[in-house]
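See structure below.
The values are calculated or read from the model by the stated rules, or taken from the named source; none is laboratory data. Fair warning: this is a prediction, and the values are worked out from it, not measured in the lab. We place every Cβ from the backbone using ideal geometry, glycine too, and count neighbours over all the protein chains shown. We work out accessible area using only protein heavy atoms, side chains counted, and drop any ligands, DNA or RNA first. Shrake-Rupley method; radii C 1.70, N 1.55, O 1.52, S 1.80 Å.
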Amino acid sequence: MTSHKTGCIILAAGQSKRLKSSVSKMFHDLAGRSVLGHVLHNLEQLALSEIIIVASPLTPTHPDYKHHKVAIQEEQLGTGHAAMTGMTQLSDDTSDVIIVCGDTPLLTIETLTKLFESKSDLALLCATLPDNQRDAPYGRIVFDGDNPCRITEYKDANTALRNSPLINSGVYKIRHNLLKKLLPLLSNINASSEYYLTDLVHIAIEHNATTQAINVDFNEVAGINTRAELEKVDAIIQGRLRATLMANGVTFQQPDTTRLSVDTQIGQDTIIEPCVIFKKNVIVENNVKIKSFCYLEDCTLRNGVSVGPHAHIRGGSVLDEGAEIGNFVELKATHLGKKAKAKHLTYLGDATIGEASNIGAGTITANYDGFFKHKTTIGERAHIGADTILVAPVSIGNDSITAAGSIITADVPMDALAIGRALQTNKQEWAKHYKAKMKAKKDALK
Ligand code: UD1
Ligand code: CA
């Protein structure tokens with residue numbers, strides 16, 4: 001007995017004309033993952049025998065394509081032609097084929113599973129347009145009873161059909177043999193002079209095939225053709241990410257102002273104030289407070305940490321339990337020990353700071369000599385005075401102190417006080433005499 005194999009073709013070779021971009025719409029970012037990356041992420045969870053990406057000759061290779069077959073569509077002659085191109089790479093022993101538009105990143109695994117499990121010869125995902133988008137230029141589906149019998153592109157539809165809210169999602173499942181038989185029958189006589197994949201539906205009916213439309217939430221099938229649609233899809237993804245985190249016990253104050261990445265992890269009872277940005281690879285544990293205007297990227301904040309407002313944390317930085325970062329503090333590749341603090345106007349790069357140390361306002365690690373980066377190591381319970389410049393490589397011992405305004409160029413032993421600044425001299429009454437002399441000079445000129 002031969003096994004039943006379902007393969008998949010993703011149509012991703014379009015020219016993205018309506019997006020007005022030098023970058024294909026497939027590679028625009030949505031919460032830290034490309035549009036195509038979202039589509040792949042969802043499809044990779046189905047038991048597909050293979051995935052074929054129909055790609056443009058302008059992007060013959062891309063990191064997103066790895067693990068999958070690629071078919072280059074030399075000329076963009078329409079979705080039907082793109083499917084024909086994908087077929088050149090499809091294994092002969094495939095039983096069913098799922099065809100997905102690469103610009104439809106909101107489909108959920110539950111919906112794709114329904115399509116995957118359909119028993120019809122040709123099944124498609126359709127949706128009902130929301131009232132405020134009734135003139136969106138999606139293909140309209142014509143039904144015969146419950147079964148779809150034709151798809152007419154918006155450009156080709158008459159007014160009555162354009163008023164119909166039932167739209168084609170561009171996602172189909174079809175028997176491989178049927179697809180092989182019908183694809184050569186597509187023509188390009190239509191408003192766009194393109195080979196429309198959508199014509200498969202009425203041709204399938206003419207060949208006595210069974211058809212099925214699976215109705216899903218419009219928010220899942222929304223496609224991206226324009227910047228405005230890109231923004232709408234992005235907002236839906238952000239909303240989904242926030243909803244999952246809220247369900248897990250995270251508080252967002254003014255949720256719409258937070259931006260998350262698909263891989264953002266945040267623990268229970270953490271509070272996110274308005275206007276916080278989470279770029280890729282951020283892990284936040286429980287009971288953390290992230291104050292407004294923080295920008296976090298590639299970092300870990302452990303239980304009970306507090307950061308911001310206006311903190312920038314990146315480069316693999318780790319803040320251990322109870323550490324605190326205040327306003328206008330930047331951390332790059334820095335490890336802050338338990339309960340360590342840097343509360344004001346500070347740059348710490350390539351540094352390790354021991355437990356309970358305090359970094360005074362205005363402290364800077366001078367970590368870059370123009371060629372190489374160097375490390376700063378600060379022990380436990382050290383007290384770095386305000387406006388200290390730590391010229392790396394340098395190490396500061398446990399329990400030591402640096403005097404405010406010091407430039408520290410040599411290692412400081414434990415328990416020591418390091419002073420690296422000019423000695424102060426006070427000139428008695430100097431200011432008084434100076435001011436009197438200058439005033440007399442100015443008065444003489446009147
Ligand atoms: C398509 C459908 C429309 C449906 C809508 C859903 C057709 C003719 N129309 O319209 O019924 O409502 O999707 O979003 O199929 N592509 C190629 N090569 C080409 C042309 C397109 O790979 O030569 C790819 C694009 O990159 C895109 C997908 O196919 O990912 C769909 O193409 P697009 O031009 O966006 O079709 P729509 O006009 O949105
Ligand atoms: Ca589209």
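For segment 404-413, just list the computed ³J(HN,Hα) in residue order, Karplus coefficients 6.51, -1.76 and 1.60, θ = phi - 60°, integers in Hz, with x standing in for Gly and Pro.
For segment 404-413, the Karplus-derived couplings read 4, x, 7, 10, 9, 10, 10, 4, 10, x Hz, x marking Gly and Pro.
Once you order the gyration tensor axes a ≥ b ≥ c over the Cα atoms, which shape class does segment 1-54 get: rounded for a/c under 1.5, otherwise prolate or oblate by comparing a/b with b/c?
On the way: a/c = 5.28, a/b = 2.10, b/c = 2.52.
The shape class here is oblate.
Helix 227-247: angle to the longest alpha-carbon principal axis of the chain, degrees 0 to 90, nearest 10?
Result, in degrees: 70.
What does the charge count near Gly86 come to, summing +1 for each Lys or Arg and -1 for each Asp or Glu among other residues with Cβ under 11 Å from its Cβ?
0
Excluding ligands, DNA and RNA, what is the solvent-accessible area per residue of segment 6-227 at a probe of 1.4 Å, expressed in Å²?
Details: 9690 Å² over 222 residues.
For segment 6-227, the per-residue accessible area is 44 Å².
Of the trypsin sites (Lys or Arg not before Pro) in segment 1-58, which ones lie in a loop per DSSP and count no more than 13 other C-beta atoms within 10 Å?
Lys20
Restricting the count to DSSP beta bridges whose residues both fall in the chain, what percent are antiparallel, rounded to a multiple of 5?
Roughly 20 percent of the DSSP beta bridges within the chain come out antiparallel.
How much accessible area per residue does segment 248-418 have, counting only protein heavy atoms and a probe of 1.4 Å, in square angstrom?
So segment 248-418 comes to 43 Å² accessible per residue, rounded to a whole number.
If you find the alpha carbon centre of segment 180-201 and of segment 401-446, how far apart are they in angstrom?
First find each Cα centre; the distance between them is then 83 Å.
Going 7 Å from the Cα of Ser3 along its beta-carbon direction, which residues of segment 34-51 have the amide nitrogen within less than 15 Å of the resulting point?
Correct set: 46-51.
Roll a 1.4 angstrom probe over the protein heavy atoms and tell me the percent of accessible area of segment 31-182 that is carbon or sulfur.
49 percent
For every helix of n ≥ 4 consecutive DSSP H residues, a contribution of -39,500 (n - 2.57) applies; sum these over the chain, divide by its total residues, and give [θ] at 222 nm rounded to the nearest 500 deg cm²/dmol.
Values: 9 runs with 84 residues, N = 446.
Here the helix-only value at 222 nm equals -5500 deg cm²/dmol.
Using 0.36 nm per residue, how much length does the chain from Glu321 to Thr108 gain when fully extended, once their Cα-Cα distance is taken away?
Working: separation 213, 0.36 × 213 = 76.68 nm, distance 3.63 nm.
Once the chain is fully extended between Glu321 and Thr108, it gains 73.0 nm.
On the protein heavy atoms, probe 1.4 angstrom, tell me the percent of accessible surface of segment 227-354 carried by carbon and sulfur.
C and S fraction of accessible area: 51 percent.
Gain in length, Lys280 to Lys181, computed as 0.36 nm per residue apart minus the alpha-carbon separation, to one decimal in nm? Kindly include the intermediate steps, with their values, before the conclusion.
Numbers: separation 99, 0.36 × 99 = 35.64 nm, distance 4.52 nm.
So the extension gain works out to 31.1 nm.
Within segment 102-210, report the trypsin sites (Lys or Arg not before Pro) that DSSP leaves as loop and that have at most 15 other Cβ atoms within 10 Å.
Of the trypsin sites (Lys or Arg not before Pro), the ones in loops of segment 102-210 whose Cβ has at most 15 other Cβ atoms within 10 Å are Lys119, Arg134.
Taking a cut-off of 12 Å between Cα atoms, list the aspartates and glutamates near Lys341, but don't count ones fewer than 8 places away on the same chain.
Within the straight-line cut-off, Lys341 pairs with Asp320, Glu321, Glu324, Glu355, Glu380.
When only DSSP loop residues count, what chymotrypsin sites (Phe, Trp or Tyr not before Pro) in segment 84-169 have their Cβ near at most 16 other Cβ atoms within 10 Å?
Values: sites: Phe116, Tyr138, Phe143, Tyr154; in loops: Tyr138.
Sites meeting the loop and neighbour criteria: none at all.
Quick query: amide H of Ser395 versus all other amide H atoms, modeled in the peptide plane; which residues come in under 5 Å with a sequence gap of 5 or more or a different chain?
Thr377, Asp411, Val412
Between His67 and Glu117, what is 0.36 nm times their sequence separation minus the Cα-Cα distance? Round to one decimal in nm. Intermediate values should be presented prior to the final figure.
On the way: separation 50, 0.36 × 50 = 18.00 nm, distance 2.40 nm.
The span from His67 to Glu117 would gain 15.6 nm if fully extended.
Collect residues whose amide H, placed 1.01 Å from N in the peptide plane, falls under 5 Å from the amide H of Arg150; neighbours closer than 5 in sequence don't count.
It is Val142, by chain and number.
Taking the Cα centroid of segment 258-273 and of segment 162-176, what is the distance between the two, rounded to the nearest whole Å?
36 Å
Starting from the 7 Å offset along Cα-to-Cβ, what nm value, one decimal, do you get for the label separation of Lys427 and Glu231?
The two pseudo-label positions are separated by 6.1 nm.
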